[in-house]
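S.K.: Attaching a single structure in structure tokens format; questions to follow.
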Amino acid sequence: VQLVESGGGLVQAGGSLRLSCAGSGRTFNNYVVGWFCHAPGKEREFVADISWNGRVTNYADSVKGRFIITRDSAKNTVYLQMNSLKPEDTAVYYCAVERRFPSSLSGMDYWGKGTLVIVSS
């Protein structure tokens, strides 16, 4: 499975971005998809994930009520809608997949190369 993230960029605090994770291969829709972020000087951490059928989602406490994860199986794509962005959301955002739900940082099977999000104050 190959994963390509897009949608990152520079945004002011309070603004919104939508990240996309496009997956290749017919098996992409059988995977749990997670989003993770890696900020400078910090460990990579979990942001959100979504079950293979899109019916169940999990969020980190820091993004609950602000971020929404969805998937479009017809397009082999998972989205992360990021609203009310804060400067502390600045990070490289990665999508990754694994078979188990909920996902875990150490359990992901395939990773994308990431997309940079910068939130200015």
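S.K.: Take V1 and tell me if it is touching a Ser or Thr at 6+ places or on another chain (Cβ under 7 Å), farther than 17 Å from T115 by Cα, at pLDDT below 95 and of a type in the set (A, V, I, L, M, F, W, C).
M.R.: The answer is yes for V1.
S.K.: Shifting gears a bit: How do the pairs read when you match residues in the stretch 59-73 that are closer than 16 Å to A91 by Cβ and touching a residue at least 12 places away in the same chain (Cβ under 8 Å) with residues anywhere that are small (G, A, S) and open to solvent by 40 Å² or more (accessible area, probe 1.4 Å), using Cβ under 6 Å and keeping only pairs 6 or more apart or on different chains?
M.R.: From the stretch 59-73, the pairs are R66/S84.
Here is a yes/no grid of residues against (1) closer than 20 Å to D109 by Cα; (2) of a type in the set (D, E); (3) in contact with a Ser or Thr (Cβ under 8 Å, 6 or more places away or on another chain):
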{"position": "N30", "(1), (2), (3)": "yes, no, no"}
{"position": "W35", "(1), (2), (3)": "yes, no, no"}
{"position": "S51", "(1), (2), (3)": "yes, no, yes"}
{"position": "R55", "(1), (2), (3)": "no, no, no"}
{"position": "D72", "(1), (2), (3)": "no, yes, no"}
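S.K.: Next up: Name the residues in the stretch 69-97 that are over 27 Å from G15 (Cα atoms) and modelled with pLDDT of 95 or more, would you?
M.R.: Correct list: V97 only.
S.K.: Restricting attention to the stretch 83-108, which residues are of a type in the set (V, I, T) and within 16 Å of E43 (Cα to Cα)?
M.R.: Residues satisfying the conditions are T90, V92.
S.K.: Applying the selection to the stretch 70-89, what residues are buried (at least 18 other Cβ atoms within 10 Å of the Cβ) and in contact with a Lys or Arg (Cβ under 8 Å, 6 or more places away or on another chain)?
M.R.: Across the stretch 70-89, the qualifying residues are T77, V78, Y79, L80, M82, L85.
S.K.: Give the number of residues within the stretch 15-69 that are closer than 20 Å to V1 by Cα, touching a Leu at 6+ places or on another chain (Cβ under 9 Å) and loosely packed, with under 14 Cβ neighbours inside 10 Å.
M.R.: Number of matching residues: 1.
S.K.: Something else now. Across the stretch 90-106, what is the number of residues that are open to solvent by 10 Å² or more (accessible area, probe 1.4 Å) and not aromatic (F, W, Y)?
M.R.: Number satisfying all stated conditions: 9.
The values are calculated or read from the model by the stated rules, or taken from the named source; none is laboratory data. Nothing here was measured: the structure is a model prediction, and the numbers come from that model. Glycine gets a Cβ as well: all are built from the backbone with ideal geometry, and neighbour counts include every protein chain shown. Remember, those area values only see protein heavy atoms, side chains included, never the ligands or the DNA or RNA. Shrake-Rupley method; radii C 1.70, N 1.55, O 1.52, S 1.80 Å.
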